[in-house]
1. Taking Thr52 as the residue in question, decide whether it is in contact with a Cys (Cβ under 7 Å, 6 or more places away or on another chain) and β-branched (Val, Ile, Thr).
2. Looking at this structure, is Val39 surrounded by 12 or more Cβ atoms within 10 Å (Cβ to Cβ), in contact with a Ser or Thr (Cβ under 8 Å, 6 or more places away or on another chain) and either hydrophobic (A, V, I, L, M, F, W, C) or on the phi < 0 side of the Ramachandran plot (or both)?
Amino acid sequence: MIRVRIGDAERELSSVSESWVNQQINRRKADIQSVCARVIIRQDQLNMTLSTPSCPKGTGGRPPNRYEKQVFDLWEKRGLNKEQFTVGNLITFLKQLKS
């Protein structure tokens, strides 16, 4: 299972579209809200939640396994660990998860 949460809106990855991501993020930016995006992954060797910097901080967990590390590295490569991440980079990351 992979779920995407932007603010209080949440969907399964299979039903996430580019327009939905754009709409959710742009709506929050227009309301001058910080944008919290989370990707929750629970499948096979992956048990993780990735969050953009404006999301409330949780407690740290265990060190990532090698599969999770690859996903964390991709998240970082797409700049999603930065406050000013782009919608395009989030969409690209989600597309890579789907493939």
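Bear in mind these aren't lab numbers, they're just calculated from the coordinates by the rules spelled out. What you see is a predicted model; the values in this text were computed from it and never measured. No Cβ is skipped: glycine too gets one built from the backbone with ideal geometry, and neighbour counts run over all protein chains shown.
1. yes
2. Working: surrounded by 12 or more Cβ atoms within 10 Å (Cβ to Cβ): yes; in contact with a Ser or Thr (Cβ under 8 Å, 6 or more places away or on another chain): yes; either hydrophobic (A, V, I, L, M, F, W, C) or on the phi < 0 side of the Ramachandran plot (or both): yes.
When the stated conditions are applied, Val39 passes them.
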